[in-house]
Amino acid sequence: MSFLGRRRAAGRRRGDTATASATAQPLPDIVLSTDSPPLLTVTPGEPASRWAAGRRDALRAAVAEHGSLLVRGLGLRNATEVGEVFRGLTDTLTVEREAFAPRLTYAQGVYSSTAWPSNQPMCMHHESSYALEFPGLLFFACLEAAERGGATGVADAAAVLDALPAELTERFVRDGWLLTRSYNDEIGASVAEAFGTDDRAAVEAYCRARSIDVDWRPDGSLRTRQRRPAVLRHPVTGRRCWFNQIAFLSGWTLDAEVRAYLVDVYGADGLPFDTRYGDGSPIGADVVGTLNAVYEAHTVRREWRPGDLLLVDNIRCAHGREPFEGSREVLVGLADPVRTAGFPTKDEVSRV
């Protein structure tokens, strides 16, 4: 059982035998491949939510073993059904905070994919890795597959770390990374969308509790800075994982024309989001290019089909999205919150 399932197991009482047996049903064989996520093809013969809840432990164990799992054949049709499946697989669906782009909310912990231009890739990243509390487990459910492209790729974070240049990772282990955000009305989430409120006192209290520096500008806009670790040890395997959004939230990931426009209007320090080394030094385009190249070399994908369900260990695996053509609807569930202590002390860094 993975760390993603410990909370439920620890909470069971002797009288919970029926619940335990209901979630212990076996799975068919999982197909493994070197170029796509593990695939489980099923023919439920019962509502998808009942099937998933009845195999909850087995599905979570498969994610613990492989890092991700694509379940095909559930026939998921709408947001209500998807929400029922998500809730059957976890005790805790979390509310997103500090979003960098808008989402639609279907139910607590059930969201649309992040709004992002369809002709642009979403670079590989770990969900909310800039937050002190982030989801340990992710659910993705496809209601409509794109006409072309749009696959959700996954990459093993330990393998990515091992493949990156040692001198680069050593610096990030030592200094961490810095996320800077400037909230505006053109790109990215608004203050209210990111924090659940636009009340200054509430925003400041939230940020103060999470080691986020707040700077209200003369025009009333908000800028924030937060320093976070770039590498985490997986709480179950103990393996070091490259865990951050350094490449994805870099200003270098923006379309060149969009970036030039934003720099012209808001200045180089006013981009909606940007990343730096933890000591505040800028990260060059070459570094971001290296990170994305290593991610790509370790990314596996499988095209979506309507009704698919993908489960991802958010620490062990990064994920991203290909550009696509046509309509695409993939719902997201954020589950099993994990809280870190923030950037480690010098003694903790030496043990990472």
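Taking the Cα centre of the chain as origin and charging only Cβ (+1 Lys, Arg; -1 Asp, Glu), how large is the dipole, in debye to the nearest 20?
Values: 41 positive and 46 negative charges, 305 e Å.
The calculated dipole for the chain is roughly 1460 debye.
Can you give me the angle between helix 79-89 and the longest principal axis of the chain, using Cα atoms only, in degrees from 0 to 90, rounded to the nearest 10?
Helix 79-89 and the main axis of the chain meet at about 80 degrees.
Can you tell me the FRET efficiency between residue 237 and residue 33 if r is taken as the Cβ-Cβ distance and R0 is 22 Å, rounded to the nearest 0.05?
That pair, residue 237 with residue 33, gives E of 0.55.
Could you work out the relative contact order of the stretch 197-352? I mean the mean sequence separation of Cα pairs under 8 Å and 6+ apart, divided by the number of residues, in percent.
On the way: 98 pairs, mean separation 32.5, N = 156.
Relative contact order comes out at 21 percent.
May I ask for the equivalent-ellipsoid semi-axes of the stretch 213-352, computed as the square root of five times each C-alpha gyration tensor eigenvalue and listed largest first in whole Å?
Working: eigenvalues 147, 120, 53 Å².
Over the Cα atoms of the stretch 213-352, the semi-axes work out to 27, 25, 16 Å.
Taking only the alpha carbons of the stretch 60-143, what extent do you get along each of the three principal axes, in Å, biggest first?
30, 27, 25
I want to verify a result. In a Gaussian network model of the chain, Cα cutoff 10 Å, which of these has the top mean-square fluctuation: 322, 147, 84?
Evaluated over the chain, the most mobile residue of the options is 147.
Counting pairwise Cα distances across the stretch 170-225, what percent come out greater than 15 angstrom? Write down the numbers at each step before the final one.
Values: 804 of 1540 pairs.
It works out to 52 percent of all Cα pairs.
DSSP beta bridges in the chain, what fraction antiparallel, as a percent rounded to 5? Before the final figure, lay out each step's value.
Values: 57 of 60 bridges.
Percentage antiparallel, nearest 5: 95.
For the stretch 104-250, what is the convex hull volume of the alpha-carbon atoms per residue, in Å³?
Details: hull volume 22.8 nm³, N = 147.
Looking at the stretch 104-250, the number lands at 155 Å³ per residue.
How big is the chain by Rg and Dmax over its Cα atoms, in Å?
20.1, 65
Would you mind telling me which residue in 244, 78, 314 has the biggest mean-square fluctuation in a Gaussian network model of the chain, where springs connect alpha carbons within a distance under 10 angstrom?
In the Gaussian network model the winner is 78.
Over the chain, calculate the relative contact order: mean separation of alpha carbon pairs under 8 Å at least 6 apart, over the residue count, as a percent. Please report the intermediate quantities before stating the final value.
Working: 713 pairs, mean separation 112.3, N = 352.
RCO, the chain: 32 percent.
Compute the acute angle (0 to 90°) between the alpha-carbon long axis of helix 56-66 and the principal axis of greatest extent of the alpha-carbon atoms of the chain; round to the nearest 10°.
50
Using DSSP to call loops (not H, G, I, E or B), can you name the GluC sites (Glu not before Pro) in the stretch 181-284 whose Cβ has at most 12 other Cβ atoms within 10 angstrom?
On the way: sites: 186, 193, 204, 257; in loops: 186.
Those satisfying the criteria are 186.
Would you mind calculating the relative contact order of the stretch 241-284 from Cα pairs under 8 angstrom and at least 6 residues apart, reporting the percent as a whole number? List each step's numbers first, then the result.
Working: 28 pairs, mean separation 15.5, N = 44.
Relative contact order, the stretch 241-284: 35 percent.
Every number here is computed from the coordinates shown, using simple stated rules; none is lab data. Since the structure is predicted, the reported quantities are computational estimates derived from the model, not experimental observations. Glycine gets a Cβ as well: all are built from the backbone with ideal geometry, and neighbour counts include every protein chain shown.
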